[in-house]
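**Student:** Below is the structure I would like to discuss, written out as structure tokens.
Just so it is clear, none of the values below were taken in a lab; they were calculated from the coordinates. The structure presented is a predicted model; accordingly, all values stated were derived computationally and were not measured. Note: ideal-geometry Cβ built from the backbone for every residue, glycine included; neighbour counts use all protein chains shown.
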């Protein structure tokens with residue numbers, strides 16, 4: 001699957017109401033221990049990633065770093081966020097199988 005398809009999946013995920021966007025909202029989600037896929041744009045700081053992983057310790061969150069910068073992700077999802085998450089298993093599976101991510 002090409003990178004364009006990953007971006008398309010992210011857009012579909014948002015349109016379906018299955019996408020959580022923004023550091024604060026994603027942090028709330030992982031603190032609750034929700035099983036989710038957390039996606040970070042390529043230009044999100046290591047500090048932000050470390051803080052999110054700290055809050056998710058013991059939880060069921062899987063973290064990946066997308067091979068797209070925040071601007072590209074924002075264009076695909078119609079958000080301004082570089083930190084995204086989905087708890088939808090179908091979207092998680094499709095995104096993980098799609099490639100163009102770094103686990």
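**Student:** With axes computed from alpha carbons, what is the tilt in degrees of helix 3-15 against the longest principal axis of the chain, rounded to the nearest 10 within 0 to 90?
**Tutor:** So the helix axis and the longest Cα principal axis differ by about 70 degrees.
**Student:** Where q = 0.11, 0.23, 0.24 Å⁻¹, what log10 of I(q)/I(0) comes from the Debye formula for the chain, counting one point per Cα?
**Tutor:** For the chain, the Cα-only Debye profile gives -0.26, -1.29, -1.42.
**Student:** Let's test the formula: R0 of 35 Å, r as the Cβ-Cβ distance of residue 28 and residue 5. What FRET efficiency results, to the nearest 0.05? Intermediate values should be presented prior to the final figure.
**Tutor:** Values: r = 29 Å, r/R0 = 0.83.
E between residue 28 and residue 5, to the nearest 0.05, is 0.75.
**Student:** Now, a different point. Counting only DSSP beta bridges with both residues in the chain, what percent are antiparallel, rounded to the nearest 5? Could the numbers behind the result be given before it?
**Tutor:** On the way: 8 of 12 bridges.
Percent antiparallel among DSSP bridges in the chain is about 65.
**Student:** Angle check, please: helix 46-56 long axis (alpha carbons) against the longest principal axis of the chain (alpha carbons), in degrees 0 to 90, nearest 10.
**Tutor:** It is inclined by approximately 60 degrees.
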